[in-house]
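As structure tokens, the structure follows; a few thoughts come after it.
Values in this text are rule-based calculations from the coordinates and carry no lab data. Predicted model, so just to flag it, every value in this text is computed and none were measured. All Cβ positions, glycine included, derive from the backbone under ideal geometry; neighbour counts span all protein chains shown.
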Protein chains: 2
Amino acid sequence: MASHLTAVKPLAALREACSQCNLRELCLPVGLSADELGQIDELVKLRRRILRGQSLYRTGEPFTALYAVKTGFFKTEILLADGREQVTGFQMAGELLGLDGIGMEKHACNAIALEDSEVCVLPFADLERYFHEIAALQHHFHKVMSREIVRDQGVMMLLGVMRAEERLAAFLLNLSQRFTARGYSPHEFNLRMTRNEIGSYLGLKLETVSRVLSRFQEEGLIQVHQKHIRIIDPAGLKKVLSARQDFTERHG
Amino acid sequence: MASHLTAVKPLAALREACSQCNLRELCLPVGLSADELGQIDELVKLRRRILRGQSLYRTGEPFTALYAVKTGFFKTEILLADGREQVTGFQMAGELLGLDGIGMEKHACNAIALEDSEVCVLPFADLERYFHEIAALQHHFHKVMSREIVRDQGVMMLLGVMRAEERLAAFLLNLSQRFTARGYSPHEFNLRMTRNEIGSYLGLKLETVSRVLSRFQEEGLIQVHQKHIRIIDPAGLKKVLSARQDFTERHG
DNA sequence: ACGGTGTGTTGACACAGATCAAACCCCCCT
DNA sequence: AGGGGGGTTTGATCTGTGTCAACACACCGT
């Protein structure tokens, strides 16, 4: 009967439906039952294509919807009056954009596509209405927001206490892990962002990023060729993260 | 009639009730109607006293509840394996603690009282149940979480791109603004945290914090005496924030 | 195939903030 | 009242990362 219903849906709707999406295990509806999944198929009525370099939204624009990355790659950034910028995150397929906008009903950063991308539009008022019917969706949404807070606090740790090598090691391992979750190789991937954008995210200058990557290559941890990264020695990278030299000298 | 009803409530309940709390305009129930406020009076069944230096919760402990600071002052911190720590925030009356725990159902940081404090315990499962009945509460909760995300991204900006003086200026202005919202003087307050904790929050060493505060004093921006701060020239502090020297030289 | 432009690499040097060290202050405890 | 200890200030020096600069590479459109 469910299959009969979907069969008569217009093709367009079928294509859009969360229940048919191969990202459903990564995206907002993760953990929903088949029934619940079917219930939210009408939530996404709209997709948006964003070309590389274009913005999905900009600081100050009214907030109306969250966006789930369907394909492509984004960065979010905040700008200071004098032009200095901080990249606050990189978002890939299945990840949510726009959470920053709920609080003030205005977006609090720029979201910019780093490659041609497509997003599902989740009108937030609709979403909150669904929460009343589907407690699991509400609960999962709270988890997503909470994890975003924890992720941000991890970035604070990066920026506040780690040295350049540790930041880069953490960054590469994080990317590797997220690519893996999406079915790509953990050992090999292409960076979608420039050295400057990596630096801005990690609180470093692009020259430092470049130098540290070169050093990692000399040490046999990775191979770098432009945007292509091959992780040779993941354990070695993890060691960079956990082992400050003076600490191991003193204690280990 | 409302006064009659509250009069017959047990004294304990009266003391606990959100509708009677003088923080209701700052805390989670902000913006609720009187009716809605009455509805959540039973949410908080428990208060906890935390002595100075004690923890409200620690990393890894199971998450069951959010906490609203009733009186006192907290810090949240995350620790690296080698002992380095990052203070991720300071929380004062009316602010919420524990949002970090929702995602993984375990707390992701330590919350430590910087003075003898009292918190209202908001069992999270109960809270989510209230959301179904009170849409405004649900919506406001989402705003609170979103603002926490935006706050964290502001800290990333601090840590990623600002110089030491800018970080301290932003920190002092932020404290001043939050004290003001609580009815205290914008110009004069006591720091509840040590130089070391300020430094950890701002990604600086305590000596640097001390030096910058001394410099601000020499420049007539503030007066510092131990933990007591008097802001003499708020506009001057704001200028420290917005005006990078080389930028104003080039463009101003 | 060929410049042009955006991006990345590498080197030399500078500097903000870290580190090390000493003294000081304030408050609390006995 | 005196002593102790945590917290703070200040000075001298060191260092990791920034800054400036020159060049190399890659990809684009023509």
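Structure values in brief
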| item | result |
| --- | --- |
| Other copies of residue B:20: label-to-label distances in nm, shortest first, labels 7 Å along the beta-carbon direction | 5.8 |
| Average beta-carbon neighbours from other chains, 10 Å sphere, peptide B:103-116 | 2 |
| GluC sites (Glu not before Pro) restricted to DSSP loop in segment B:52-133 with at most 10 other C-beta within 10 Å | none |
| log₁₀ of I(q)/I(0) at q = 0.14, 0.15 Å⁻¹ - chain B, Debye sum with one point per alpha carbon | -1.01, -1.12 |
| Computed helical MRE - 222 nm, chain A, DSSP H runs ≥ 4 contributing -39500 (n - 2.57), nearest 500 | -13500 deg cm²/dmol |
| Size descriptor, Kirkwood hydrodynamic radius, that averages inverse alpha-carbon separations across segment B:7-112, Å | 15.1 |
| Label spacing, shortest first and in nm, from residue B:48 to its equivalents in the remaining copies (7 angstrom along Cα→Cβ) | 4.1 |
| Cα-based reach from residue B:227 at 19 Å (exclusive), listing aspartates and glutamates while leaving out same-chain residues under 8 positions away | B:115, B:116, B:165, B:188, B:197, B:207, B:218, B:219 |
| Computed over segment A:162-251: relative contact order in percent, which uses C-alpha pairs under 8 Å that are six or more apart | 32 |
| Contact order relative to length of chain A, as percent, for alpha carbon pairs under 8 angstrom and 6 or more apart | 17 |
| Where only alpha carbons of the protein assembly as shown are counted, the Rg and the Dmax (Å) | 24.1, 79 |
| Segment A:193-219-segment B:87-140 distance, computed between alpha-carbon centres (Å) | 37 |
